[in-house]
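Coordinate-derived values only; no laboratory data. In this text, all values refer to a predicted model and were calculated from it rather than measured experimentally. When we count neighbours, we look across all protein chains shown, and the Cβ atoms used for this are built from the backbone with ideal geometry, even at glycine.
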Amino acid sequence: MFNNKKILAIIPARKGSKGIINKNIIDINGKPLIAYTIEAAKQSKYIDDIVVSTDGKNIETVSIAYGADVPFLRPEALANDTAKTIDAIVYTIEKLVKMNRYYDVIMLLQPTSPLRQTNHIDEALEKFFDFDMKGLISVNKVETKPILIRTIENGILQPIISQNSTVRRQDMATYYKVNGAIYINRVSEIHKGLSFNDNIVPYIMEPESSIDIDTMDDLLLVNKILNE
């Protein structure tokens, strides 16, 4: 709890994964992937409850073993390849309300960010409240400058931003990308049309803590970092 506001961490973890089979519970340095996020959330000073939203019985078993709550399974319609995370979050909140479980703040923690630590979680919550509970999103600085990025249309290079690229690198603006590790919103603003990626308050994380596991290369890199 923070400022008398009850805080729920939701970890979305469907069983289907095309890139890496059983990705959310795959072993990384001796632990299931989802365990890293559950353990980081459990050590938070502010989080009241941790709920895993999943359609998989194996994920349910692992999540409970590591201390998370799985009060119900997500329906298949909210767990296929076209399902949106926001719809699963709305479903979870509505089901919890029917169980007389009410919260003021939702923190979305994706299990594919195992290098996100408890200090990131708590600092992000503190910043969320410092900015009057406006939607917060975690980001990290990127080295590749959008001013140098091009698309190709009809065989011709096209800039993605309309700005003269004849500028010294040290004079270029600093850019950040969404890293997918932390999203925080008031429960009152959660609805099916909400885009978490459009949250406006940035919580800046180090690039080395921001790896989002999507491919086997990501998995191998995280495993190497944890081993070291």
Could you give the spread of the C-alpha atoms of region 118-218 along their three principal axes, from largest to smallest, in whole angstroms?
46, 34, 30
Using R₀ = 45 Å, calculate the FRET efficiency as 1/(1 + (r/R₀)^6) where r is the Cβ-Cβ separation of residue 153 and residue 69; round to 0.05.
0.35
Is there a pair in 45/224; 42/145; 5/224; 42/224; 18/98 whose C-alpha atoms are over 31 Å apart, and which pairs would that be?
42/145; 5/224; 18/98
If I model a spin label as a point 7 Å beyond the Cα along the Cα-Cβ vector, how far apart are those points for residue 57 and residue 94 in nm?
2.7 nm
Extension gain, residue 84 back to residue 172 (0.36 nm per residue minus Cα-Cα distance, nm)
28.2 nm
Round to a whole angstrom and tell me the spacing of the C-alpha centers of region 176-214 and region 63-90.
18 Å
What full-extension length gain, to one decimal in nm, is calculated for residue 142 and residue 1 as 0.36 nm per residue of separation minus the Cα-Cα distance?
47.5 nm
Report the antiparallel proportion of the DSSP beta bridges in the chain as a percent, rounded to a multiple of 5.
55 percent
Karplus ³J(HN,Hα) for region 212-227 (6.51 cos²θ - 1.76 cosθ + 1.60, θ = phi - 60°; Hz, whole; x = Gly/Pro) runs 10, 6, 10, 10, 5, 4, 4, 4, 5, 5, 5, 4, 5, 4, 5, 5
Nearest-5 percent of antiparallel DSSP beta bridges in region 1-103?
35 percent
May I ask you to work out the translational diffusion coefficient for region 31-160 at 25 °C, viscosity 0.890 mPa s, via Stokes-Einstein with Rh from the Kirkwood sum over Cα pairs, reported in whole µm²/s?
142 µm²/s
Local electrostatic count, residue 35, Cβ distance below 11 Å [Lys/Arg +1, Asp/Glu -1]
0
Between residue 48 and residue 206, what is 0.36 nm times their sequence separation minus the Cα-Cα distance? Round to one decimal in nm.
54.3 nm
Starting from the Cα of residue 218, move 7 Å in the Cα-to-Cβ direction to define the label point; list residues of region 173-202 whose amide nitrogen is under 12 Å from there.
179-181
How high is the FRET efficiency from residue 22 to residue 160, r the C-beta distance, R0 35 Å, rounded to 0.05?
0.45
Which distance in nm do the two modelled labels at residue 191 and residue 29 give, with both placed 7 Å along the Cα-to-Cβ direction?
4.2 nm
